[in-house]
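A short worksheet on the structure shown next.
The values are calculated or read from the model by the stated rules, or taken from the named source; none is laboratory data. This structure is a prediction, so every number in the text was calculated from the model and none was measured. Cβ placement follows ideal geometry from the backbone for every residue including glycine, while neighbour counts extend to all protein chains displayed.
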């Protein structure tokens, strides 16, 4: 919808109005926020209205003007009253009471004036209205609600129709109204005509296809609040039942409507069932914020049901749903994500629900890894593998191998990680893609291929790594699942910079940022900013690239580990020549990597430890501190070799070769670099080996 609207605005100027934002659902607010972001570059006037209690979700922007609509002064109210009275004057004391009691609220002015005229408090005569005796103080209502209620009471024969319509909502269809009303269709049409004549509702369409909308939400509220609680619940039950029995398509596509009516009818168990269904449908169409809202509503109602196995069964998909959707919309490390995934683990274990336990453990592992708790993340994988092995459940086994592949790779155990990931890929397709996405919130095949691409590249299998990355992205594009596509683009952009160079990384990063602008995925937006900023700096546009790097790193540092963001920022400082800032980052990253691996079993060094040492070496070399630089490069090689990280060993050796080139020791640099280069068996057209060959040529040329 956004792209269509922007395309239309590119052809000609448009005015786009959205009213009553205080009632908008999360998807609508997300859409409006995107419109505001794009407004400066379009020929569009965007007008938004909302009550003062509404807190706009968008950030302050210079192109956004806020206009507060104040109450009308008496000088503007009097002509409005005269217009409603069709130019006939009201007695002075009546006019003064209307002016005083309506307090400048336009709807109140209109409704109170109509109520005074229609209820006979004044009589028409000549050119104006008159009163036979002074009005009692209580004759004119003092509140808008009282005024609206009085008008409805005056329409007593059709008041029930207004109340039933109000129970359906601000807008109601004739077909649904007829299905729940005891009146005949002829009686309903007559009643609705009276409501239209009184300007309480407005019609759209004709006959059974007609819909009606209350003139103002406050009119609907007055009609609804005039119902006794027992009548209100009765109406909602009739509406929910009619929706399920006679309006199957609406009930199927909008289960949240059915859920709302069951909630208001006081039927908690049925309401919970339909709120969960609404959350599931929202997830299917990637409306993740709405999904989390629906799940949370169900959880709120569930607290009214006594504890026990039946309640646990209902709660499990809700807490798991909130946990997986919130990882996408809020980030992996928020308190809400952790609490709901922990509850899901407990419930799934108690109920012996293996697929759900697998999803909860996988989500918990990813969240722990992102925040730097690698030992905890790995522990979830070990637990899951043990459970899946004993149960012989293929898709849960696939999840277990995926988790262990992810964590083993970050420990620096690249061969072991590769074996786990390859095993996961052989198992993951035994369940339909939609089912896998529904359970895990993403497709494990795409993520497993992304990690596999990373591991194979580090092992020196550059072509194989690049192919796995391409397969990950290609498969993600077939799924029509934005969050999975964001994952694939994030991996591809980061490793595209290493394997292909800044042009390819920039292209992927811009696609990722466009996707995360349309869907709120904060973690992957941060990686998009980092990859784009790092690429721009390498392409020579430092002034444009550095702010993006800082913004992306700041987002990640709010809850995630510092490795990715800081590493890319440090490399950008090296390219830009800000050596002190780069050295500070490089040393912080090295300390952080050592810290998060300190308590891990078997003393792993960490996948990115060699890269951080290479970064520090490059920064020192740029200061001509060659001895310290070579020491860092040697440390990188010592870290890379036990991991079999041939790629990082190559990059470290290239650093040593450049140091020796600067010292005039060309033959030593050539020998060292050639020895590592000769150990590669593929990937000779990819950037690392192209750069290595160019350096060898320089060294041989002296």
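Scanning the stretch 74-91 for residues that are loosely packed, with under 10 Cβ neighbours inside 10 Å and either at pLDDT below 80 or part of a loop (DSSP other than H, G, I, E, B) (or both) yields 86, 87. Of the residues examined, residue 117 is not one that is outside the structural domain of residue 42 (by TED's automatic domain parsing) and at pLDDT 80 or above.
Within the set 639, 673, 699, the sole residue that is more than 29 Å from residue 590 (Cα to Cα), surrounded by 19 or more Cβ atoms within 10 Å (Cβ to Cβ) and either modelled with pLDDT of 95 or more or not assigned by TED's automatic domain parsing to the domain that holds residue 453 (or both) turns out to be 699. Criterion applied to 599, 595 was being out of contact with any helix residue (DSSP H, G or I) (no Cβ under 9 Å at 6 or more places or on another chain), assigned by TED's automatic domain parsing to the domain that holds residue 677 and at pLDDT below 95, and the one residue passing it is 595. The residue of the stretch 525-544 that is nearest to residue 370 (Cα to Cα), among those that are in contact with a helix residue (DSSP H, G or I) (Cβ under 6 Å, 6 or more places away or on another chain) and surrounded by fewer than 24 Cβ atoms within 10 Å (Cβ to Cβ), is 525. With respect to being crowded, with 18+ Cβ neighbours inside 10 Å and over 25 Å from residue 558 (Cα atoms), residue 413 fits the description. Of all the numbered requirements in (1) out of contact with any helix residue (DSSP H, G or I) (no Cβ under 8 Å at 6 or more places or on another chain); (2) at pLDDT below 95, residue 663 misses one, and that requirement is (1). Of the residues screened, residue 152 is one that is surrounded by 14 or more Cβ atoms within 10 Å (Cβ to Cβ), farther than 18 Å from residue 257 by Cα and touching a helix residue (DSSP H, G or I) at 6+ places or on another chain (Cβ under 7 Å). Check whether at least one residue in the stretch 502-517 is under 14 Å from the mean Cα position of the chain (by Cα), free of Cβ contacts under 8 Å to residues at least 12 places away in the same chain and surrounded by fewer than 19 Cβ atoms within 10 Å (Cβ to Cβ), and report yes or no. So far as the stretch 502-517 goes, yes, one or more of its residues are under 14 Å from the mean Cα position of the chain (by Cα), free of Cβ contacts under 8 Å to residues at least 12 places away in the same chain and surrounded by fewer than 19 Cβ atoms within 10 Å (Cβ to Cβ). Checking each residue in the stretch 92-120 for being part of a loop (DSSP other than H, G, I, E, B), surrounded by fewer than 16 Cβ atoms within 10 Å (Cβ to Cβ) and in contact (Cβ under 8 Å) with a residue 24 or more places away in the chain picks out 103, 104, 119.
Comparison of 272, 258 shows that the only residue that is farther than 30 Å from residue 331 by Cβ and in contact with a helix residue (DSSP H, G or I) (Cβ under 8 Å, 6 or more places away or on another chain) is 258.
Residues in the stretch 216-231 that are crowded, with 17+ Cβ neighbours inside 10 Å and under 22 Å from residue 187 (Cβ atoms): 219, 220, 223, 224, 226, 227. In the stretch 389-431, the residue that is farthest from residue 352 (Cα to Cα) out of those that are assigned to a loop (DSSP other than H, G, I, E, B) and more than 30 Å from the chain's Cα centre (by Cα) is 412.
Could you tell me whether the stretch 678-685 includes any residue that is within 28 Å of residue 500 (Cβ to Cβ), modelled with pLDDT of 95 or more and surrounded by 21 or more Cβ atoms within 10 Å (Cβ to Cβ)? Yes, because at least one residue in the stretch 678-685 is within 28 Å of residue 500 (Cβ to Cβ), modelled with pLDDT of 95 or more and surrounded by 21 or more Cβ atoms within 10 Å (Cβ to Cβ).
Of the residues making up the stretch 11-32, those that are farther than 25 Å from residue 257 by Cα and surrounded by 12 or more Cβ atoms within 10 Å (Cβ to Cβ) are 14, 16.
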